[in-house]
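Here the structure is laid out as structure tokens; the discussion comes afterwards.
The values are calculated or read from the model by the stated rules, or taken from the named source; none is laboratory data. Everything numeric here is computed off the predicted structure, so don't read it as measured data. Because the Cβ atoms are built from the backbone with ideal geometry, glycine has one as well, and the counts that use them run over all protein chains shown.
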Amino acid sequence: MAYKGTAAKSATGASMSKYDVEVEARLQALESKSNSSSKSDGSDSKRVAALEAKVEALIQILNKASAVTEHCPKNAEGVRQINL
């Protein structure tokens, strides 16, 4: 015998099972947690800038190694090097 679900209604008005209600609650909890932890005080941009500087330094070092650059494409000046 078929009957209409009474556990809950979704935002669109469709019936939701108890499992769906539990999953929805967990999803909302995770979303609110990720939204609150994604706010930063600017330290993320400082970390990114520091990492970018380190990557640039590594690229400069690698461009001096012929074992690396011999596998790189030539740039506009005809020099083989890492171009990112």
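Can you pull out the residues in the range 9-30 that are modelled with pLDDT under 75 and in contact with a strand residue (DSSP E or B) (Cβ under 8 Å, 6 or more places away or on another chain)?
Passing the criteria: LYS9, SER10.
Which residue is surrounded by the fewest Cβ atoms within 10 Å (Cβ to Cβ), if the candidates are limited to the range 32-52 and must be among the acidic types (Asp, Glu) and at pLDDT below 90?
Across the range 32-52, the extreme among qualifying residues is ASP41.
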